[in-house]
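Quick notes on the structure that follows.
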Amino acid sequence: MATINFGYSINRPRLIDIDRNNLRKSDEILLEMPELQTCIGCGTCTASCTAGNLTDFNFRKVHTLVRRGEYAGAYEEMNKCMLCGKCRLLCPRGINTRGVVMLIKRKLGDF
Amino acid sequence: MKKRVAIIGGGVAGMQTALRLKRTGGIEPVIIEREEELGGKVRNWHVLFPTFTPAGEVLGALRSEVAAAGIEVLTGEEAEEFTDRSVKLRSERTIECDAVALCSGFTLFDATLKEEYGYGIYDNVYTSADLERMFSEGRVAMADGSAPRRIAFLHCVGSRDEKVCQRHCSKVCCITGVKQAIEMKRLFPTADVFNFYMDIRMFGPGYEELYREAQQRYNIHFVRGRISEASPMMDGRVQIKSEDTLTGRPLRMSVDMLVLLIGMRANDENGRFADKAGLTLAQSGFMQSRDLFLGNTESPRPGIFYAGAVTAPKSIGETLNEGFTAADRIAEYLGVK
């Protein structure tokens, strides 16, 4: 029997629930690259991003979500990075941003 | 005949001003302190940012210099009102003088006014001042005595907040939050520490370096967003809500301890002092200097001077410098070289 479509849907909650999120992968990432924690959210990486100029890829946002334990879609997002390395040249905190992309892809390949 | 200068407030600003005045040889300072001992707010602090220097070291040095210099100190005496030539005490006594230095500092923000954070209502919500007391007592624990595993610090409590009539930035809470977060991490290395901030203002030497160390070496998490509310949980812990503004999503978590980094607000008596002596207040309620560049330690009235946090929130180092500046201006005013 076909379900009647009333035009309603259920939104997934947008809340980041730190109590429910499993921070193990995030901790592993930060243990391997503690410099990522020094991000001050300036957005220079995103402003200079080659991929970000053509797609909705936002490196700052994705790595911040990963640090909060929000892994869904992070791997696919990081695949948009072309590894050109401009962000690494510009980061005022000296974070190896390209290394972060590779690390997140390695750690979160199965999410 | 030696000149006499009344110094209202025996904290670090008052002591430093008095010491410099005394050294001129021609001025006899008298410190009026409301508490039973000298030291002011620094008495309640454990270690000082950014070097983790024990507060007692700074206070001890100043107190013993004051004692060695033979400076007259009136403790347990509160100034009621003053002019440039006299200070009337609450005890009805009047101190005649040739100039006045107002070094009465600030008042800590009363965190119970931010009722949404539950300070004084539920357990495990503390202020930065409470935490300093616990550090001093050598016992930091949750209300039930157990060790905290997750701690949140909230910046800007009673600062930059029109809802509690405190529009100004208290300046030192950012670095205090970083310092205390590191201290907690040192005490509880396996605990997770989160700092919720609006802006991080690292204005002093070594502060930014300490912030970076907190992030990189101590793995302290900084989340940009003001906690909107805290609520008690069944087990006595505290649930907090905020926006993680860097990802644009609401965030919720439970913590074992919530520490509110309370700001500096102007003393209530500033208004009374200003009325009686013909002085002016800044919009923040702190005393207004004659000029922010060339007359920072002077009031608009000749013979009345300021040093320290009575004019605006300041660090201890800045306050100590102002003590010297104010004393030099007073000596100049009195014609003592």
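What follows draws every value from the coordinates through simple rules; no lab data is involved. Being a predicted model, the structure only gives us computed values, none of them experimental. Cβ sites come from the backbone with ideal geometry, for glycine too, and all protein chains shown count toward neighbours.
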Counting only DSSP beta bridges with both partners in region B:111-264, the antiparallel fraction in percent, to the nearest 5, comes to 40
Taking a crude spin-label model, label points 7 Å out from Cα along the C-beta direction, the B:Asp275 to B:Ala69 distance in nm is 3.4
Given the candidates B:Gly145, B:Thr190, B:Ile121, the one whose Cα lies deepest towards the positive end of the charge dipole of region B:111-264, counting +1 at each Lys or Arg C-beta and -1 at each Asp or Glu C-beta, is B:Thr190
Under the 7 Å Cα-to-Cβ spin-label approximation, B:Ser86 and A:Arg14 lie apart by a distance in nanometres of 6.6
In deg cm²/dmol, rounded to the nearest 500, the helical mean residue ellipticity at 222 nm of chain B, built from -39500 (n - 2.57) for every DSSP H run of length 4 or more, is -8500 deg cm²/dmol
The distance between the Cα centres of region B:321-337 and region B:161-175, in whole Å, is 31
Partner shielding of A:65-71, taken as the mean number of other chain Cβ atoms within 10 Å, equals 3
Checked against the positive end of the charge dipole of region B:252-337 (+1 on Cβ of Lys and Arg, -1 on Cβ of Asp and Glu, about the Cα centre), the farthest of B:Pro302, B:Tyr333, B:Ile316 is B:Pro302
Evaluated at 10 °C and 1.306 mPa s, the Stokes-Einstein D of region B:85-193 based on the Kirkwood radius over Cα pairs, in µm²/s, stands at 94
From DSSP H assignment alone, runs of 4+ in chain A each adding -39500 (n - 2.57), the sum over residues rounded to the nearest 500 puts [θ] at 222 nm at -11000 deg cm²/dmol
Length gained if A:Cys84 through A:Thr50 is fully extended, taking 0.36 nm per residue and subtracting the Cα-Cα distance, is 11.5 nm
Expressed in µm² per second, the diffusion coefficient of region B:111-264 from the Stokes-Einstein equation, with Rh the Kirkwood radius over alpha carbon pairs, at 4 °C and 1.567 mPa s, is 84
Computed for region B:242-336: size of charge dipole around the Cα centre, +1 on C-beta of each Lys and Arg, -1 on C-beta of each Asp and Glu, debye to nearest 20, value 180
With a ≥ b ≥ c from the Cα gyration tensor eigenvalues, square-rooted, and the rule rounded for a/c under 1.5, otherwise prolate when a/b > b/c and oblate otherwise, region B:1-97 is oblate
With the charge dipole of chain A built from beta-carbon charges (+1 for Lys and Arg, -1 for Asp and Glu) about the Cα centre, the Cα from A:Thr38, A:Gly85, A:Leu23 projecting farthest to the positive end belongs to A:Gly85
Filtering chain B for DSSP H helices with an axial alpha carbon extent of at least 18 Å and a Kyte-Doolittle mean of at least -1.0 returns B:55-68, B:173-187, B:316-334
Relative contact order in percent for chain A (Cα pairs under 8 Å, 6+ apart) equals 30
Classified through the alpha carbon gyration tensor (a ≥ b ≥ c as square roots of its eigenvalues; rounded if a/c is under 1.5, else prolate when a/b is larger than b/c, else oblate), region A:24-107 comes out oblate
Magnitude of the Cβ-charge dipole (Lys and Arg +1, Asp and Glu -1) of chain B about the Cα centre, nearest 20 debye, reported as 640
Distance in Å, no decimals, from the C-alpha centre of region A:4-58 to the one of region B:99-154 is 33
Note on the protein assembly as shown, DSSP bridge orientation, antiparallel percent to nearest 5 equals 40
Descending packing, highest mean Cβ count within 10 Å first, for B:164-171, B:191-198, B:95-102, A:2-9 is B:95-102, B:191-198, B:164-171, A:2-9
If every Lys and Arg gets +1 and every Asp and Glu gets -1 at its Cβ, then about the Cα centre region A:24-107 yields a dipole, in debye to the nearest 20, of 100
With a Förster distance of 25 angstrom and the Cβ-Cβ distance between B:Arg149 and B:Ser231, calculated FRET efficiency to the nearest 0.05 equals 0.85
Counting other chain Cβ atoms within 10 Å of each Cβ in B:208-216 and taking the mean gives 3
